[in-house]
Every structure is written in structure tokens, then in C-alpha cells.
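This report concerns only the one structure given below.
The values are calculated or read from the model by the stated rules, or taken from the named source; none is laboratory data. Model, not experiment: these values are computed from the prediction. Cβ placement follows ideal geometry from the backbone for every residue including glycine, while neighbour counts extend to all protein chains displayed.
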2 protein chains.
Amino acid sequence: MTAYPTGTFPATFIGGAAGAWRIESSTAIAGEPMPLADRLEVREGIAATSGGVWRLSGVAGHTRYVERPEKTRLDPVTPPLGRPEATMAALIPIRKSAAWWALPQDERRAIFEQRSRHIADSMAFLPRIARRLYHARDLGQPFDFLTWFEFAPEHAGAFAELVAMLRSREEWTFVDREVEMRLSR
Amino acid sequence: MTAYPTGTFPATFIGGAAGAWRIESSTAIAGEPMPLADRLEVREGIAATSGGVWRLSGVAGHTRYVERPEKTRLDPVTPPLGRPEATMAALIPIRKSAAWWALPQDERRAIFEQRSRHIADSMAFLPRIARRLYHARDLGQPFDFLTWFEFAPEHAGAFAELVAMLRSREEWTFVDREVEMRLSR
């Protein structure tokens, strides 16, 4: 059950008393909040631990909407995680509605990109904001996605602008639960 | 970890001494075979059992490639699982290569449908062959997909034709492990 293939990145986020990241704030943007915790540990793999106040798991891997011309533009400006200057981070778990998941692929893509410009308008924030998208829906988790962002303190304003932009678009009318956790190390 | 949302169908397939389905044959089409077992139990949910000779889990849910015009044609001819006359079944676990998963969405779709006609040419076999596609890659399973088929004995020939057609197309050059298990009840 736990032999993840090359190209996938399973991770477990554990909120509790331990971990490299301090949880500065945890805000419910839509739906129920997450229980409060002081620190966040990010562990590789789907950890079967019962430790911490809460645990969220997800798997990053292949792209679901990105097309070749976008990938060609994204790849050279996409920064790695773990840059030393990126001492701020955000974990934003998101759940989309049943109406979203009932749509066929072309209609989800049209809302995501043609109408909400998720990829095109996020690109302006690269390489300042590093990100990784973990998928959690097939894992029976309370969220469909765990979005993870890392940035230097001088780009905190850009990060706020990025999430405000995404939330203002049609795609976000399908988000029925969202919690924003801001972190520092 | 186990509260799956409406619209998802988690299942665990257990090969062993028990279960409603008799395993008539198990053939490695590509890569390693599966250990032999007499019977197959299909259990709802991601069962944490250690029973049986082998266990494979997956989650069926939203479509990954189907577009609206295809969905409109598929929905009215798609049969349910569990038809009383469908006393034959097949479980075909499949893994695709790293090269497949590295492709962006538009190039996977082009291979899948424009070049391999997976959806268009499978449609001729509906409603004779009922099917459900379980996704397993994000679960760290040894296969990416568990494909499940049910049909009446008089449509066994059509089933053989369907899988032979799929295997003859470009999409299948990306399949690096495949086992065909034929079942009856």
C-alpha cells in the first residue's frame, strides 16, 4: 500500500506541538475551521501516526489541467521547495463541491483556465512563490487538495495578492471548504 | 482518512479462499503476474484487512478524460453494475509508465482519444459490457488503475474483442504492467 512510484510525492502534514514550522494563524475562509495547533510537521509519505492534533495527507504528482504550451512556460520559472530564504509558508487545504466533480474534464478545464485564468495569472508570481499541489480526494481526506506555498518575507504581499486573485474568480465558486494556515520557520 | 465523499466509490479487491467470484484464470499480459488465488471478494471501502493472498484497492470517481459531448452519449447507454445476468466479470489491474505520467493533460488526452479512440470505440460495447474504473496511483498501490468489467456469458466474445482493441492502440504502448483475471459467479 505504501510503495509510491517515482514522480509522486506523498506527504503528511501534522499539526501539533512539534515540527519545523510555527503556525502563525489558521483562518477558515469557507466552511469549518481546523483545530488549532502551535506547530506543523511535514512528513514524507502517508504517515500512519496518531500523533498531533490533526493530520492531513496528500499526494503530489502528474498535472491534471496543465497543457504542453503552459508546461513549457512554467518549467523554467518554477522554483524548488526548500529555498533557504523562503522562511514563510502557507498550507491551504481546499475542498470543491459535488457540482465541480460531476463536470466532465473539458468543462472543469474551461472554468479553471479559460474563465478563471488559474495558470496564466499565477505565472506572474513565479519564481517568487514556490508551490506544490497535493491531491487528497482519492485518499478519503476531508479536503480534495492541500496547497502548499513557500516564499521569502519580502514576498508576503505578493502571496496575499495571489490567493486574493484566485478567490475572486469563477473557479472559487466551487470551493466549499478552505482553511488558510500561515507559517514561519 | 476514510470518509469518502459522495460520488466516489472506494473498493478493495481481495484474492483468497473466500468471495462471491471464482477466479477462472489470471494471466500476466505485461510485467509480473499476480499471486494465484481461488476466489475474489469485492469489498466496499479501503479495507485495512491483512486477509487473503493479495489485496488491491482503488477509488472510482470523477472522469479524467471524458468531455461533455462524450458524456452525453455515454450516460444513456452505460449499464449499472450488478445486473443479475452478468455472471462473468474481469478484473484487469494496469500500470502506466513514468513517460505517460510525465505528459501534460492535453498530450495524454490526444493519445487516449484522438489517436487511440478509447472512448469512441469502446462505446460500441455498451450496454453489453458494464465497467468501472478505479484509480489506485494516489494510494501507493502496485497498479495505477483497477479496471472492472461485468457481462453475461453470451457477451464474453465481445469482451475479448474490447480488450484486444484497446491493447492494439498507441495508448497501450504506455502500459508496463497488466494482469487479466477472469471471473465467474
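Of the strands (runs of 3 or more DSSP E) lying entirely inside the stretch B:1-109, the ones with 3 or more residues being touching a residue at least 40 places away in the same chain (Cβ under 8 Å) and out of contact with any helix residue (DSSP H, G or I) (no Cβ under 9 Å at 6 or more places or on another chain) are found at B:9-16, B:21-30, B:54-60, B:88-96. Entry remark, the stretch B:1-35: residues being more than 27 Å from A:ALA48 (Cβ to Cβ) and of a type in the set (Val, Ile, Thr) number 3 in total.
Residues in the stretch A:60-84 that are within 8 Å of chain B (Cβ to nearest Cβ) and either under 20 Å from the mean Cα position of the chain (by Cα) or over 18 Å from B:ALA102 (Cα atoms) (or both): A:GLY61, A:HIS62, A:THR63, A:ARG64, A:TYR65, A:VAL66, A:GLU67, A:GLU70, A:LYS71.
Restricting the stretch B:110-140 to residues that are part of a helix (DSSP H, G or I) and in contact with a Phe, Trp or Tyr (Cβ under 8 Å, 6 or more places away or on another chain) leaves a set whose member that is nearest to A:GLY45 (Cα to Cα) is B:ARG137. With the structure loaded, tell me whether A:THR12 is surrounded by 19 or more Cβ atoms within 10 Å (Cβ to Cβ), within 20 Å of A:LEU133 (Cα to Cα), more than 8 Å from chain B (Cβ to nearest Cβ) and among the polar types (S, T, N, Q) or whether it fails that test. Yes: the conditions hold for A:THR12. Using the structure shown, decide if B:PHE125 is among the aromatic types (Phe, Trp, Tyr) and over 21 Å from A:HIS62 (Cβ atoms). Here the answer is yes, as B:PHE125 does meet what is asked. Screening B:ALA90 with (1) within 14 Å of chain A (Cβ to nearest Cβ); (2) within 27 Å of B:PRO5 (Cα to Cα); (3) modelled with pLDDT of 95 or more; (4) touching a strand residue (DSSP E or B) at 6+ places or on another chain (Cβ under 8 Å) gives one miss only, at (1). Screening A:ARG83, A:ARG95 for residues that are of a type outside the set (A, V, I, L, M, F, W, C), within 24 Å of A:ALA160 (Cβ to Cβ) and buried (at least 17 other Cβ atoms within 10 Å of the Cβ) leaves exactly one candidate, A:ARG95.
Might you let me know whether the stretch A:165-175 holds any residue that is assigned to a helix (DSSP H, G or I), within 14 Å of chain B (Cβ to nearest Cβ), in contact (Cβ under 8 Å) with a residue 40 or more places away in the chain and in contact with a strand residue (DSSP E or B) (Cβ under 7 Å, 6 or more places away or on another chain)? Within the stretch A:165-175, one or more residues are assigned to a helix (DSSP H, G or I), within 14 Å of chain B (Cβ to nearest Cβ), in contact (Cβ under 8 Å) with a residue 40 or more places away in the chain and in contact with a strand residue (DSSP E or B) (Cβ under 7 Å, 6 or more places away or on another chain).
Taking first residues from the stretch B:128-148 that are within 14 Å of chain A (Cβ to nearest Cβ) and within 16 Å of B:GLU180 (Cα to Cα) and partners that are part of a helix (DSSP H, G or I) and not polar (S, T, N, Q), the Cβ contacts under 9 Å between residues at least 6 apart in sequence or on separate chains come to B:PHE143/B:ARG137; B:ASP144/B:TRP100; B:ASP144/B:TRP101; B:ASP144/B:ARG137; B:PHE145/B:ARG137. Step by step: first the residues of the stretch A:48-59, then only those that are crowded, with 17+ Cβ neighbours inside 10 Å and of a type in the set (A, V, I, L, M, F, W, C), then the one that is nearest to the other protein chains (Cβ to nearest Cβ). Which residue is that? So the residue we want is A:VAL59.
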